[in-house]
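*Asks:* Here it is, the structure in full.
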Number of protein chains: 4
Amino acid sequence: MLVIMSTDSTEKQIQRAKDRISEMGYSSHTVSWHDHYAIGVTGNKGKEDRIYLEGLPGVLKVVTLSKPYKLASREVQPENSVYRIGSATFGDGNVVMIAGPCAVESEEQTLRITEQVAQRGAQMLRGGAYKPRTSPYAFQGLGEPGLEILATASEKNGLPVVSEVVDPGTAGLVAQYTDMLQIGTRNMQNFILLKEVGRTGKPVLLKRGMSATLEETLMSAEYLMSNGAREVVICERGVRTFASHARNTLDISIIPALKKISHLPIIVDPSHSSGHRYSVIPHSLAGIGAGADGLIVDVHDRPDEALCDGPQALSPEQFSELMDVSGKVCAALGKTIGTEAT
Amino acid sequence: MLVIMSTDSTEKQIQRAKDRISEMGYSSHTVSWHDHYAIGVTGNKGKEDRIYLEGLPGVLKVVTLSKPYKLASREVQPENSVYRIGSATFGDGNVVMIAGPCAVESEEQTLRITEQVAQRGAQMLRGGAYKPRTSPYAFQGLGEPGLEILATASEKNGLPVVSEVVDPGTAGLVAQYTDMLQIGTRNMQNFILLKEVGRTGKPVLLKRGMSATLEETLMSAEYLMSNGAREVVICERGVRTFASHARNTLDISIIPALKKISHLPIIVDPSHSSGHRYSVIPHSLAGIGAGADGLIVDVHDRPDEALCDGPQALSPEQFSELMDVSGKVCAALGKTIGTEAT
Amino acid sequence: MLVIMSTDSTEKQIQRAKDRISEMGYSSHTVSWHDHYAIGVTGNKGKEDRIYLEGLPGVLKVVTLSKPYKLASREVQPENSVYRIGSATFGDGNVVMIAGPCAVESEEQTLRITEQVAQRGAQMLRGGAYKPRTSPYAFQGLGEPGLEILATASEKNGLPVVSEVVDPGTAGLVAQYTDMLQIGTRNMQNFILLKEVGRTGKPVLLKRGMSATLEETLMSAEYLMSNGAREVVICERGVRTFASHARNTLDISIIPALKKISHLPIIVDPSHSSGHRYSVIPHSLAGIGAGADGLIVDVHDRPDEALCDGPQALSPEQFSELMDVSGKVCAALGKTIGTEAT
Amino acid sequence: MLVIMSTDSTEKQIQRAKDRISEMGYSSHTVSWHDHYAIGVTGNKGKEDRIYLEGLPGVLKVVTLSKPYKLASREVQPENSVYRIGSATFGDGNVVMIAGPCAVESEEQTLRITEQVAQRGAQMLRGGAYKPRTSPYAFQGLGEPGLEILATASEKNGLPVVSEVVDPGTAGLVAQYTDMLQIGTRNMQNFILLKEVGRTGKPVLLKRGMSATLEETLMSAEYLMSNGAREVVICERGVRTFASHARNTLDISIIPALKKISHLPIIVDPSHSSGHRYSVIPHSLAGIGAGADGLIVDVHDRPDEALCDGPQALSPEQFSELMDVSGKVCAALGKTIGTEAT
């Protein structure tokens, strides 16, 4: 941390700042150039120290020099993380395709859709047994029976499965039935849940919060990792802005920005960003173009009957089209959908 | 719900829309005026139906006619809710002052601050025993010993106390020690937590999420109320925008907007919106001017040593100044700070 | 417009609403279904009428049924607009590449860069002679001598040229020297400028405002078109949000959304959205993936010396790389960079 | 400017940064503390230099130490600016009330409303003769005849008048008829207009842009001041966010933040922030509570017939109520509405 004094600060103010730093238990070192004077601080803990020191008289600005996240940073691990989860590989430069129904509604529906997405080349199954819903009156998921269905569908089709955890009390349960645990957007800063999910040691898909900064997203990854998760994948699913022409504003700029400072893989959820079937493929290709390590899409073979997010679900035919065009774009970029060339 | 067709929609498209509504199990009724044609729908369940029908060919727009929240709406209860929680009364037209440390750090600190805010006229104590922190490496609160300290401070000074719940598993525990449970900003859509906190039957202070709409905020209140909470107070604490001159952008416009459609009281947290001591009083008076039913402020007598959010905490002297000027503004508006005239 | 009454509205309130509509000079027609009652209105003029009627007692909601833009809408012109401007064709399904320096600094610099981008396959030259700058103390462009330089560079290399107009008084002048006039982000709702630029009858590149909605963007296109412009191209260059990891948040979702309702071409400016050279190519490919009709990029062969936006300018070598990879992605999508296959 | 190197930067990288600074024509001075190394730079010009240097290898962060605005800053003028414009005084600690119709529609309407607001205690008249409208098909104002009407109404009632300029070509004309020139929200960064308006030397009311930062707002004030305006008043009128319960999100936090760094007065426009009559008074009192130097409100005695923004205009009776309650709140804060005590 560097405490930069105003050019018109008094000696007394400088002394007071040094005294306070010392009282806070940190060591300080003063430097000066031209008409500027600054105090280097070591041993400090973070944001609050910064804001506090910024409030002292005569202080112009306080600059933090170390990043608040460690395990997720490229400083700790310069090379990209690569995770193999069954037939899906995240972070090796190719694009993982995760597909399935938004919610598990029945065994029949889940088996039917899983088979369809598997045949068309998906590498991982998605499906929700516990659904966080804005309304207390909406379908909240099948619970454990839904997990059993997912496990069956996963096994039958040879696809690993990712499913959302909403309750710290059921993290272990979901971990028994699935290969990867998902933290939903509304729970990105549910720190109790992050800790419990981290403790399972399972791979985690962490969805960015609706208005989370890049740093906050990495801090949540840090919660997972510092509690035991070794494989964390970030998911961009659109953020909240003034714009209303899409359900959320897909922020593709986070992909290169994250890759610059973190070794974690990042995928895109074009279904939740677009909110409408007609724009899922454009959002998908934008994600691949920006460098995403994968996609996670809603597929439903009877979208009119879907109990959750039907309007944004692709039909199996549309999913085929997505696989086809994504495969071509990947090939143009020297990549494949999935690690084995299609 | 009203499904309005494009003026150039075909008879076939109209028929398809009607068929789909019927297949969804809803009854429909067609109306027309000028060159417009529309289908009234009853029995529908919500947003997904709307988005789904909007995707059908020939449909111009789908308009929802009923609100998704019920218990929180003025339709269900036209008059303002008024709650008495010990010496604090919410919603009677006056302004409740809630004050205390951001985090409970020790018994001595908590007793000292509680005494100071009580003497200066606060009607309720605030203090966190469980702190949701962005960084896994930051102070996370004292836990149950912190609750014991709060209960002692509360009893000694005759102030009811509000404290945050972060874990569904400890909702009951926090309820034993305190008079009102707080749901934090980052947990506003942690639906599992909302359910558990609702089930305690205790009064709840629900903080608006960082980018929550008015409707989403009321839907979270609905989660609490439909699970057993009868007394829910909303708290505006600033939202996330592009602006960086304050920690958050205090959205005072939600106060009259909420009062128009809901009977729930709403208070303002000027400490978290401003993030800096120098602007806490301006934010407070803005809240009162906009019609807030109360304020919740951080107070610390040694803000330099605070383990949490020190830079925004008022000193006891500044709290006195806030009480003084708030009291005058309230009087100008025919209100008081607290229900008994000061 | 449709005025929907609350289910608990009184007959008197319904009558008052009808009377007001009649006094406003509009004709009305009442319809009802289930327990709902609504008034269809024709002849009304827009937003203010809507907000006004919404304020009447007993009114639940007012729904507008016609779009405020006409000339830009697919209702007026269902097929995509296609414009040929010299060697550049907008809207034919391929991707136009516009490249050049942010600002014209000297004849030598402009000729040098133009030659380089022309050789590498750009179809259009960009360059600013008038620069809108946030600071009154920053370089504001060369003015008319800059236009002369652009005209020379354009002619020598056979590339049409687009340049920004910032002053209604110089719209005619810029039109003499260039092939397409640009409206900058900060002037998207400078209606006087839109009118003057429209009156030149020249093709226009209209950059979306920093927080402009899709509808507002099309309304600005409407200003241009209703004043004489026949060829308007929209440009997405990132919007302002809470996120700070990129200069602006590139909103690729506007591309499919605009194409659904408008026949106008839309291109992407990856230089201004990313703000940093390292992410220009990812933003470019995201734009192409989402369906953009073109790209406009800053290129500078000595970015360290650029008088304007140097940090985001590609070097000629990086521009070659962009052409190469964009060409491959276009080919994967059955498109070309420029109308003739490269 | 201070260029801070990464702790793992190489000597070669440090040398390269120094060389570049020197080539840019700036002098540099190196400092170090603990394991940190930094280069102080003087003579640099601004944002682009910063972003450019930040892109060099081995650079961790570049910190700017001087503010880009000068004339508007407290560094140049520590004490508050106070301007007397006829019966209105801005910046003396009291609250100026500016009222009148959104648009001048006719002489009769303007005289009628002016008389009413004057009698009820307004100190300044507002009214638009040139209206910037989102739609090219909406009423655009009466032009010069509207200015004549405003001048007549102003003279008859002894109120100075503020009116908007939308065209650099008519800045001089508007200056002849009025006492203060207004720059509208959509033109806050129309730099040509700012220059022309600044050159008139008239007092200016500068409305904050829809998504303008505090710094950008002050930079636009700087354009005005560096071109000749000596009296600039900032106006907060709500910013664009995700929230839709008000027309714009009134950002009261900019008031204390601006006052901390600038000597310019700042007022609030509660009519445009709320967009609905029912919330104009709450927004007004929030502004006063936050420390605003004045209010500017739409008043119309026949709001149903208003050609512009009728739904948000107060009736004369509501304006009386606003004067009454604002006067009481001001008194509670030791202020008055207008400089003479009411």
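Residues checked against (1) over 17 Å from the mean Cα position of the chain (by Cα); (2) under 24 Å from C:Gly310 (Cα atoms):
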residue	(1), (2)
C:Ser135	yes, yes
C:Ala138	yes, yes
C:Ala153	yes, yes
C:Leu159	yes, yes
C:Thr178	yes, yes
C:Leu206	no, yes
C:Met210	no, yes
C:Met219	no, no
C:Glu236	no, yes
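*Asks:* Go through the stretch D:124-168 and report how many residues are over 25 Å from C:Leu218 (Cα atoms) and in a loop (DSSP other than H, G, I, E, B).
*Replies:* 7
*Asks:* Does any residue of the stretch C:139-148 turn out to be under 15 Å from C:Leu224 (Cβ atoms) and either among the acidic types (Asp, Glu) or out of contact with any helix residue (DSSP H, G or I) (no Cβ under 6 Å at 6 or more places or on another chain) (or both)?
*Replies:* The answer is no; no qualifying residue exists.
*Asks:* Taking C:Lys47 as the residue in question, decide whether it is at pLDDT below 90, closer than 30 Å to C:Gly93 by Cα and not acidic (Asp, Glu).
*Replies:* So C:Lys47 fails the test.
*Asks:* Name the residue, out of B:Ser315, B:Ser279, B:Ser320, B:Ser326, that is within 22 Å of B:Arg208 (Cα to Cα) and among the polar types (S, T, N, Q).
*Replies:* B:Ser279
*Asks:* Can you name the residue in the stretch A:194-209 that is more than 10 Å from every other protein chain (Cβ to nearest Cβ), of a type outside the set (A, V, I, L, M) and not in a loop (DSSP other than H, G, I, E, B) and, of all such residues, is surrounded by the fewest Cβ atoms within 10 Å (Cβ to Cβ)?
*Replies:* A:Arg199
*Asks:* Mind counting the residues in the stretch A:224-241 that are among the β-branched types (Val, Ile, Thr) and at the interface with another protein chain (Cβ under 8 Å from one of its Cβ atoms)?
*Replies:* 2
*Asks:* With at pLDDT 95 or above, more than 8 Å from chain B (Cβ to nearest Cβ) and not in a loop (DSSP other than H, G, I, E, B) as the only criterion, which of D:Ala221, D:Ala212 stands out?
*Replies:* D:Ala221
*Asks:* For the stretch C:259-289, give me each residue that is outside any helix (DSSP H, G or I) and either more than 17 Å from the chain's Cα centre (by Cα) or within 27 Å of D:Leu53 (Cα to Cα) (or both).
*Replies:* Those that are outside any helix (DSSP H, G or I) and either more than 17 Å from the chain's Cα centre (by Cα) or within 27 Å of D:Leu53 (Cα to Cα) (or both): C:Val268, C:Asp269, C:Gly275, C:His276.
Conditions (1) closer than 18 Å to D:Ile288 by Cα; (2) in the same structural domain as D:Lys202 (by TED's automatic domain parsing); (3) modelled with pLDDT under 95, marked per residue:
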site: D:Glu75; (1), (2), (3): no, no, yes
site: D:Asp92; (1), (2), (3): yes, yes, no
site: D:Cys102; (1), (2), (3): no, yes, yes
site: D:Arg112; (1), (2), (3): no, yes, no
site: D:Gln123; (1), (2), (3): yes, yes, no
site: D:Pro132; (1), (2), (3): no, yes, yes
site: D:Ala138; (1), (2), (3): no, yes, yes
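Conditions (1) over 20 Å from B:Phe242 (Cα atoms); (2) free of Cβ contacts under 8 Å to residues at least 12 places away in the same chain; (3) at the interface with chain B (Cβ under 7 Å from one of its Cβ atoms); (4) small (Gly, Ala, Ser), marked per residue:
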site	(1), (2), (3), (4)
D:Ala243	no, yes, yes, yes
D:Arg247	no, no, no, no
D:Leu250	no, no, yes, no
D:Ala286	yes, no, yes, yes
D:Val297	yes, no, no, no
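*Asks:* Also: Among the residues in the stretch D:58-66, are any out of contact with any Leu (no Cβ under 9 Å at 6 or more places or on another chain), at pLDDT below 90 and surrounded by 15 or more Cβ atoms within 10 Å (Cβ to Cβ)?
*Replies:* Scanning the stretch D:58-66, I find at least one residue that is out of contact with any Leu (no Cβ under 9 Å at 6 or more places or on another chain), at pLDDT below 90 and surrounded by 15 or more Cβ atoms within 10 Å (Cβ to Cβ), so the answer is yes.
*Asks:* Only residues that are away from every other protein chain (no Cβ under 11 Å), more than 18 Å from D:Lys61 (Cβ to Cβ) and of a type in the set (Ser, Thr, Tyr): list them for the stretch D:1-32, please.
*Replies:* D:Ser22
For every residue, the table says whether it meets (1) at pLDDT below 95; (2) over 23 Å from A:Val239 (Cβ atoms); (3) in the same structural domain as A:Thr249 (by TED's automatic domain parsing); (4) in contact with a Leu (Cβ under 6 Å, 6 or more places away or on another chain).
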| site | (1), (2), (3), (4) |
| --- | --- |
| A:Ile266 | no, no, yes, yes |
| A:Arg277 | yes, no, yes, no |
| A:Ser284 | no, no, yes, yes |
| A:Ala290 | no, no, yes, no |
| A:Ile296 | no, no, yes, no |
| A:Glu305 | yes, yes, yes, no |
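*Asks:* Considering only the stretch C:181-193, state which residues are within 8 Å of chain D (Cβ to nearest Cβ), assigned to a helix (DSSP H, G or I) and not basic (Lys, Arg).
*Replies:* C:Asn187, C:Phe191, C:Ile192, C:Leu193
*Asks:* Do you know which residues across the stretch B:49-76 are closer than 12 Å to B:Ser6 by Cα and basic (Lys, Arg)?
*Replies:* Across the stretch B:49-76, the qualifying residue is only B:Lys61.
*Asks:* Could you count how many residues in the stretch D:88-125 are at negative phi and surrounded by fewer than 18 Cβ atoms within 10 Å (Cβ to Cβ)?
*Replies:* Counting residues in the stretch D:88-125 that are at negative phi and surrounded by fewer than 18 Cβ atoms within 10 Å (Cβ to Cβ) gives 8.
*Asks:* Ok, one more. Is the stretch D:28-49 home to any residue that is acidic (Asp, Glu) and in contact (Cβ under 8 Å) with a residue 60 or more places away in the chain?
*Replies:* Within the stretch D:28-49 (the criterion being acidic (Asp, Glu) and in contact (Cβ under 8 Å) with a residue 60 or more places away in the chain), the answer is no, since none of the residues qualifies.
*Asks:* Here's something else I'd like to know. Suppose the filter is within 29 Å of C:Glu215 (Cβ to Cβ), in the same structural domain as D:Ala290 (by TED's automatic domain parsing), surrounded by fewer than 24 Cβ atoms within 10 Å (Cβ to Cβ) and out of contact with any Phe, Trp or Tyr (no Cβ under 8 Å at 6 or more places or on another chain); does D:Leu214 pass it?
*Replies:* For D:Leu214, the condition - within 29 Å of C:Glu215 (Cβ to Cβ), in the same structural domain as D:Ala290 (by TED's automatic domain parsing), surrounded by fewer than 24 Cβ atoms within 10 Å (Cβ to Cβ) and out of contact with any Phe, Trp or Tyr (no Cβ under 8 Å at 6 or more places or on another chain) - is met.
*Asks:* Can you tell me which residue within the stretch C:141-165, out of those that are within 14 Å of chain D (Cβ to nearest Cβ) and in contact with a strand residue (DSSP E or B) (Cβ under 9 Å, 6 or more places away or on another chain), is surrounded by the most Cβ atoms within 10 Å (Cβ to Cβ)?
*Replies:* Among those residues, the one meeting the criterion is C:Val165.
*Asks:* Which of (1) of a type in the set (A, V, I, L, M); (2) touching a residue at least 40 places away in the same chain (Cβ under 8 Å); (3) within 14 Å of chain C (Cβ to nearest Cβ) does B:Leu53 not meet, given it meets every other one?
*Replies:* B:Leu53 satisfies every listed condition except (3).
*Asks:* Just name the residue that is nearest to B:Thr217 (Cα to Cα) out of those in the stretch B:18-36 that are hydroxyl-bearing (Ser, Thr, Tyr) and surrounded by fewer than 20 Cβ atoms within 10 Å (Cβ to Cβ).
*Replies:* Among them, the one singled out is B:Tyr26.
*Asks:* Kindly indicate whether D:Ala292 is small (Gly, Ala, Ser), within 14 Å of chain B (Cβ to nearest Cβ), closer than 22 Å to B:Ala331 by Cα and part of a loop (DSSP other than H, G, I, E, B).
*Replies:* For D:Ala292, the condition - small (Gly, Ala, Ser), within 14 Å of chain B (Cβ to nearest Cβ), closer than 22 Å to B:Ala331 by Cα and part of a loop (DSSP other than H, G, I, E, B) - is met.
*Asks:* Of all residues in the stretch A:262-274, which are of a type outside the set (Ser, Thr, Tyr) and within 9 Å of chain C (Cβ to nearest Cβ)?
*Replies:* none
*Asks:* Could you tell me which residue of the stretch B:275-284 is farthest from the other protein chains (Cβ to nearest Cβ), considering only residues that are free of Cβ contacts under 8 Å to residues at least 40 places away in the same chain and of a type in the set (Gly, Ala, Ser)?
*Replies:* Looking at residues that are free of Cβ contacts under 8 Å to residues at least 40 places away in the same chain and of a type in the set (Gly, Ala, Ser), I get B:Gly275.
*Asks:* Those residues that are hydrophobic (A, V, I, L, M, F, W, C) and within 25 Å of the chain's Cα centre (by Cα), I need them from the stretch B:38-94; list them, please.
*Replies:* Scanning the stretch B:38-94 gives B:Leu65, B:Leu71, B:Ala72, B:Val76, B:Val82, B:Ile85, B:Ala88, B:Phe90.
*Asks:* Let me confirm something: among D:Tyr83, D:Tyr137, which residue is buried (at least 17 other Cβ atoms within 10 Å of the Cβ) and either free of Cβ contacts under 8 Å to residues at least 12 places away in the same chain or in contact with an Asp or Glu (Cβ under 9 Å, 6 or more places away or on another chain) (or both)?
*Replies:* D:Tyr83
The values are calculated or read from the model by the stated rules, or taken from the named source; none is laboratory data. Since we're looking at a predicted model, the values are computed, not measured. Cβ: placed from backbone, ideal geometry, glycine included. Neighbour counts: every protein chain shown.
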